[in-house]
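S.K.: Could you have a look at this structure, given as structure tokens, before my questions?
The values are calculated or read from the model by the stated rules, or taken from the named source; none is laboratory data. Here the structure is a predicted model, which is why all the values come from computation and not from measurement. Glycine also receives a Cβ, built like all others from the backbone with ideal geometry; neighbour counts cover every protein chain displayed.
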Amino acid sequence: MKRIEEILLPEELRYSADHEWVGPEGDLARVGLTDYAQDQLGDIVYVELPSVGAHIAQGAVFATVESVKSVSECYMPLSGEVVAVNGPLSDNPVLLNQSPYGDGWMVLVKPDDPAAVSQLLTAEGYLARLKGGV
Amino acid sequence: MAELRKTVLHEKHVSLGAAMVDFGGWHMPLQYRTGIVEEHLATRKGAGIFDVSHMGRFIVRGSGALAFLQHVLSNNAAALDTGFAQYTMIPNGRGGALDDAYLYRFTPDEYLLVVNAANRDADWRYLHSRLSRFPEAQMADISEEMAMISLQGPRSRSILQEAITGGVLPEPLKNALGAVTIGERKILVSRTGYTGEPLGFECFLAAADAPWLWDLFLEKGAIPVGLGARDTLRMEAGLPLFGHELGKDPAGQEIPIFACPLARFAVSFSPLKGAFVGREALTTQFAAFKKIKDEDYTSIEDLPRIIMPFAIRGKGIARAGFRVFRGKKEAGFVTSGTMVPCWKTTDEGLSTRFTGEREMRAIGMMLVDSRLKKDDPLEIEIRGNRVDAVVVPYHLRSDAPPHAMPIIRRDPEDFQKPVSNAWQEKARDLLEKALQNTRWRQTECINLIPSEQTTSPIVRRLSMLDPAFRYAEHRSLRSYYDAEVFYYQGTDFIEGVEELLKEEMARYLGCREVEARVISGQMANAVVFSALVDYLNREDRKTEPRRIRSVLNNHMIRGGHLSAQPMGALYNFIRIDPRTEKPAVVNFPVLPENPYKIDMEATCRIINEHRPELIIFGKSMVLYREPVREIRDFLREQKIEAVILYDMAHVLGLAGPCFQEPFAEGADLVTASTHKTFFGTQRGIVAGNWRKEEKQYALWESVENRTFPGSVSNHHLGTLLGLLMAAYEMNCFRDDYQQAVIRNAKAFARALRDTGLQVAGDPAISFTETHQVIVKVEYAKAVEAARRLEENNIICNYQAAPDEEGFTAAGALRLGVQEMTRFGMGPEDFRSLSQYIHDAVVGGRSVREEVTAFRKRFLAMRYCFAEDMFTDLMEKLHRLI
């Protein structure tokens, strides 16, 4: 396991308390799992992603990520419609471990409310929560 | 929450950055920084170390120890010889498991029982409660003072081998135990583990020494493995885990022990166990189990569900507790399941190798309807979706040491081989290939397989004359004063041939009787074993015949041939020992410093203890004479009646003063194949030396009877005719040939040693007394070395040395000089050959062309009658065929 100070948290992203990150891209937003979450899960061996076109509300389950030992559900950090999913993840789920903010992204969504992004945690805020043992 | 317990290695785990979890009240590493997948793969490719000190270790001792263990455990502790371990269950009265465990017997008067960590306290309380009925047994909990580190994987052997400073590794047998020292520290070692690895050791040592040993193993390249990979490794190996495949099922019902595939090995109904806990329930389960395997489901309610491995064919991972469906019907539960990594393999058979790539597969075990069979399609419910799965027989095999091989289910291919009707083309093709093969082996290769021989041109010609197409069954009839009566006409010639052959072989071996109709050495042994059973039961034909009570032979790993083993020709004829519940075979002990030589002193002790009815000498990896005379003298002195059989398959052609004379030394029977060091066609013989008036002559009559009609009807008259000529050749050229073979073998061994290769045996006698030379190449590398030699036209075979786990782990080559001696090679020629072997095996140099040219110097066969001695007759023969 990484120590807290080893966790990568890009400044330009926003974070949810459930360990998802959101990266605004114009009027879309890319969503994935944080470095902290992938490290805690360990080797990710299976990922189940939603269908393109699905509308998922904030806080609802949008994906399931499985490691050798456990099954974890991923919660949507902001309501919106899925416009793309990261296909290569199905065959190569370890991308989630290797590149959580790059090739390991999970879904691209069109947020219902573009302003909702700004209500998510900043890197600093998320780190504070991690240090607080959440 | 109570404080979690820590093993003596706790600090090591934490400092290695392990993710620590609560495991049954213990603070244990789930995984290290490498992660579960890497830890799993590293164990399969290299070596993993596991801290298993959290498991419970109980000592049971005292004169009542055995009775106590027989009562509380499911396996037969009386079958456990000192130096071995066994898997066992702690059953409850209902035939369920309180726990599964391993019982070790490092010393004669003490047993060590290792139980699961999570059940440690409960097991102790339970066992203690039962102990009061066995006042002569004592139990001690040594879990704290003794630690346990498991070292598993293909490199485990070399890691341990390099580390030890005293003692030797346990013999290469499953569950074998030993004691070694590393530095000044004493460590008990067992060839056990729970990963499915064919090579793996558990090390037991003083708790205070455990951190030091842990670091030593790490230093030598072992990878620390946490509970996560420990679970995937055991799951891939199909091994049960208490709480999953044993104990309660996901619905809270007790899992019957016989639902578990390993139960057949862990439960014994030996009378020696008495009324042990759970006996009645387990007997019922076992009866149902046997019926189910026979597709008789009338008792299925006694064992409605069985644990089976499955593979997911669709997408997803099945986890413990998920429901399994067969069609619409619910069939059971997943008991363990996850995604498990494995190394990909390529090529086939012995050429199978790992590509270095990896893959993941979703697999597991399930408790399902006992009627399911392998390849049955299933569905498993994964978060509301039904996903396709299939019953598989296993996920992993451990029978190709040093590697555990992943077995990935492939759907049967619908591939049909094209069928051709071009018979003439096929005939031409076959002719060409046969020609090419014979030209290659006879004129381009150096043939060094010790069990082969080329016959002389005359023997070859004779073998395909008219008798090759005929029958000549015969047996003696008492009504005609034991005259042989033939069932067919036109057999006078071959009758005469058989008589002459028997005379010639009897003269060669110095014995009274020969049975020449057996058509192989293996059949010769089968005939003798069958005859002995016949003889032992000769006065009672109305009851079930008893089998041979006890046999002393050479162990396979020390060169014994499979035909003299229960797995070979002895199979039907050896009793199952009620104590060990295994075939009643004991093996010749060997000298610790020379495993190719029988230890006489220890053998005498074993004979006294086991009173074998049959003693079988003879090996297929043979460097020394067998101590026939010594054993005969000992039997005489001790007034022990046993039949001494010498299987001379390899050394028949060496019989005589140069090597040994079994009948003069006291053997009762000799069996052999006739085509290794002997000059014959591919056949067998049995020879005996009892006089007609001796009691045991009835055994000889049984030999004849079990040959015909017992084993042959047609006894292959073509090669019988060829063998007679070969016997003439042998009796004519014997002395020169035998001396040349032994001289060449010794010279070959010395020359190989001089090239730097490691030659087995005693250098003081030039390593060998036979036609064989054993060269050690490198552990598990002999298959490759033998293949490389074949590419260079040198034909020999790879051989597992006595300390190696099996033929796939072979590190030695077995070479025989007999055939090339016959083609005229002398000591200097074998010296040249040894250089070619060295250059090909060690230097990786291609010597194929040099070897081919070298062979051209040795094409004319010696020690046989030349065709030009009989030009007139040979011409007629050629014209005839």
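S.K.: Exactly one condition in (1) touching a helix residue (DSSP H, G or I) at 6+ places or on another chain (Cβ under 9 Å); (2) more than 23 Å from B:Gly96 (Cβ to Cβ); (3) not charged (D, E, K, R) is false for B:Gly316; which is it?
M.R.: Tallying (1) touching a helix residue (DSSP H, G or I) at 6+ places or on another chain (Cβ under 9 Å); (2) more than 23 Å from B:Gly96 (Cβ to Cβ); (3) not charged (D, E, K, R), B:Gly316 fails exactly one: (1).
S.K.: Conditions first: (1) at pLDDT below 95; (2) over 17 Å from B:Leu303 (Cα atoms). B:Ala251 passes all but one, so which condition is the exception?
M.R.: With respect to (1) at pLDDT below 95; (2) over 17 Å from B:Leu303 (Cα atoms), B:Ala251 is out only on (2).
S.K.: Just to check your reading of the model, which residue among B:Arg605, B:Arg541, B:Arg546 is at pLDDT below 95, outside any strand (DSSP E or B) and farther than 30 Å from B:Val817 by Cα?
M.R.: B:Arg541
S.K.: Still on this structure, I have one more. Outside any strand (DSSP E or B) and either free of Cβ contacts under 8 Å to residues at least 12 places away in the same chain or within 14 Å of chain B (Cβ to nearest Cβ) (or both) - does that describe any residue in the stretch A:104-117?
M.R.: Within the stretch A:104-117 (the criterion being outside any strand (DSSP E or B) and either free of Cβ contacts under 8 Å to residues at least 12 places away in the same chain or within 14 Å of chain B (Cβ to nearest Cβ) (or both)), the answer is yes, since at least one residue qualifies.
S.K.: Tally time: how many residues in the stretch B:372-421 are more than 14 Å from chain A (Cβ to nearest Cβ), farther than 29 Å from B:Thr352 by Cα and surrounded by fewer than 10 Cβ atoms within 10 Å (Cβ to Cβ)?
M.R.: So the answer is 2.
S.K.: If you don't mind, there's one more thing I want to ask. May I ask you to say which residue of A:Asn97, A:Asn92 is of a type in the set (S, T, N, Q), within 14 Å of chain B (Cβ to nearest Cβ), buried (at least 19 other Cβ atoms within 10 Å of the Cβ) and within 25 Å of B:Ala229 (Cα to Cα)?
M.R.: Being of a type in the set (S, T, N, Q), within 14 Å of chain B (Cβ to nearest Cβ), buried (at least 19 other Cβ atoms within 10 Å of the Cβ) and within 25 Å of B:Ala229 (Cα to Cα) holds for just one of A:Asn97, A:Asn92, which is A:Asn97.
S.K.: Let me ask another. So which of B:Arg743, B:Arg734, B:Arg753 is touching a helix residue (DSSP H, G or I) at 6+ places or on another chain (Cβ under 8 Å), assigned to a helix (DSSP H, G or I) and without any contact (Cβ under 8 Å) to a residue 40 or more places away in the chain?
M.R.: B:Arg753 is the lone residue from the list that is touching a helix residue (DSSP H, G or I) at 6+ places or on another chain (Cβ under 8 Å), assigned to a helix (DSSP H, G or I) and without any contact (Cβ under 8 Å) to a residue 40 or more places away in the chain.
S.K.: Name the residues in the stretch B:314-328 that are more than 14 Å from every other protein chain (Cβ to nearest Cβ) and not in a strand (DSSP E or B), would you?
M.R.: Passing the criteria: B:Gly327, B:Lys328.
S.K.: Run B:Gln772 past the list (1) more than 24 Å from B:Pro402 (Cα to Cα); (2) over 22 Å from the mean Cα position of the chain (by Cα) and report the number of the one that doesn't hold.
M.R.: It fails just one condition, (2).
S.K.: Could you please find all residues in the stretch B:621-642 being over 30 Å from B:Ala801 (Cα atoms), touching a strand residue (DSSP E or B) at 6+ places or on another chain (Cβ under 9 Å) and among the charged types (D, E, K, R)?
M.R.: Across the stretch B:621-642, there are no qualifying residues.
S.K.: Keeping to the stretch B:333-384, report how many residues are assigned to a strand (DSSP E or B) and not hydrophobic (A, V, I, L, M, F, W, C).
M.R.: Initially, the stretch B:333-384 is screened for residues assigned to a strand (DSSP E or B), giving B:333-346, B:353-369, B:377-382.
Imposing the further condition that a residue be not hydrophobic (A, V, I, L, M, F, W, C) reduces the set to B:335-338, B:341, B:344-346, B:353, B:355-359, B:361, B:364, B:369, B:377, B:379, B:381.
Final tally of qualifying residues: 20.
S.K.: So, one more: Under 6 Å by Cβ, and 6 or more places apart or on different chains, what pairs join a residue from the stretch B:279-293 that is on the phi < 0 side of the Ramachandran plot with one that is at pLDDT 95 or above and of a type in the set (Val, Ile, Thr)?
M.R.: B:Leu282/B:Val267
S.K.: Quick one: is A:Tyr15 away from every other protein chain (no Cβ under 14 Å) and within 21 Å of B:Ile317 (Cβ to Cβ)?
M.R.: Considered against the rule, which asks whether it is away from every other protein chain (no Cβ under 14 Å) and within 21 Å of B:Ile317 (Cβ to Cβ), A:Tyr15 comes out as no.
S.K.: Please report, ordered by residue number, the helices (runs of 4 or more DSSP H) entirely within the stretch B:790-859 with at least 2 residues that are at pLDDT 95 or above and over 22 Å from B:Thr677 (Cα atoms).
M.R.: Hits in the stretch B:790-859: B:827-841, B:848-855.
S.K.: Can you go through B:Ala263, B:Ala331, B:Ala311, B:Ala362 and tell me which one is buried (at least 19 other Cβ atoms within 10 Å of the Cβ) and within 14 Å of another protein chain (Cβ to nearest Cβ)?
M.R.: Answer to the check: B:Ala362.
S.K.: Follow-up question, since we're still on this one. Of a type in the set (Lys, Arg), closer than 29 Å to B:Leu98 by Cβ and modelled with pLDDT under 95 - does that describe any residue in the stretch B:219-233?
M.R.: Within the stretch B:219-233 (the criterion being of a type in the set (Lys, Arg), closer than 29 Å to B:Leu98 by Cβ and modelled with pLDDT under 95), the answer is no, since none of the residues qualifies.
S.K.: Looking at the stretch B:124-135, can you tell me whether even one residue there is outside the structural domain of B:Val340 (by TED's automatic domain parsing), closer than 24 Å to B:His27 by Cα and out of contact with any Lys or Arg (no Cβ under 6 Å at 6 or more places or on another chain)?
M.R.: yes
For (1) in contact (Cβ under 8 Å) with a residue 60 or more places away in the chain; (2) among the hydroxyl-bearing types (Ser, Thr, Tyr); (3) more than 14 Å from every other protein chain (Cβ to nearest Cβ), each residue gets a yes or a no:
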residue: B:Val180; (1), (2), (3): no, no, yes
residue: B:Ser190; (1), (2), (3): yes, yes, yes
residue: B:Glu202; (1), (2), (3): yes, no, yes
residue: B:Ala207; (1), (2), (3): yes, no, yes
residue: B:Pro211; (1), (2), (3): yes, no, yes
residue: B:Leu218; (1), (2), (3): yes, no, yes
residue: B:Arg230; (1), (2), (3): yes, no, no
residue: B:Met235; (1), (2), (3): yes, no, no
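S.K.: Inspect all residues belonging to the stretch B:66-84 and state whether any of them is under 27 Å from B:Phe265 (Cβ atoms), away from chain A (no Cβ under 14 Å), part of a strand (DSSP E or B) and not charged (D, E, K, R).
M.R.: Scanning the stretch B:66-84 turns up at least one residue that is under 27 Å from B:Phe265 (Cβ atoms), away from chain A (no Cβ under 14 Å), part of a strand (DSSP E or B) and not charged (D, E, K, R).
S.K.: Among the helices (runs of 4 or more DSSP H) contained in the stretch B:113-225, which hold 1 or more residues that are crowded, with 16+ Cβ neighbours inside 10 Å, under 24 Å from the mean Cα position of the chain (by Cα) and of a type in the set (Ser, Thr, Tyr)?
M.R.: Filter on the stretch B:113-225 gives B:156-163.
S.K.: Hey, another quick one. Starting from residues that are over 30 Å from B:Gly722 (Cα atoms) and hydrophobic (A, V, I, L, M, F, W, C), keep the ones in the stretch B:513-566 and report whichever is surrounded by the fewest Cβ atoms within 10 Å (Cβ to Cβ).
M.R.: Here the residue is B:Leu536.
S.K.: Would you point out the residue of the stretch A:56-88, among those that are within 14 Å of chain B (Cβ to nearest Cβ) and assigned to a loop (DSSP other than H, G, I, E, B), that is farthest from B:Arg319 (Cα to Cα)?
M.R.: So, considering only residues that are within 14 Å of chain B (Cβ to nearest Cβ) and assigned to a loop (DSSP other than H, G, I, E, B), the one farthest from B:Arg319 (Cα to Cα) is A:Gly87.
S.K.: Moving on to the next point. From the list B:Phe854, B:Phe807, which one is surrounded by fewer than 21 Cβ atoms within 10 Å (Cβ to Cβ) and within 17 Å of B:Ser620 (Cα to Cα)?
M.R.: Details: B:Phe854 fails: within 17 Å of B:Ser620 (Cα to Cα).
Answer to the selection: B:Phe807.
S.K.: What number of residues within the stretch B:690-709 are under 33 Å from the mean Cα position of the chain (by Cα), crowded, with 17+ Cβ neighbours inside 10 Å and either in a loop (DSSP other than H, G, I, E, B) or of a type in the set (Asp, Glu) (or both)?
M.R.: 2
S.K.: Okay, next question. Kindly check whether there is at least one residue in the stretch B:676-684 that is under 17 Å from B:Met600 (Cα atoms), in contact with a helix residue (DSSP H, G or I) (Cβ under 7 Å, 6 or more places away or on another chain) and not in a helix (DSSP H, G or I).
M.R.: no
S.K.: Within the stretch A:39-53, how many residues turn out to be buried (at least 16 other Cβ atoms within 10 Å of the Cβ) and either more than 9 Å from chain B (Cβ to nearest Cβ) or not in a loop (DSSP other than H, G, I, E, B) (or both)?
M.R.: The qualifying residues number 10.
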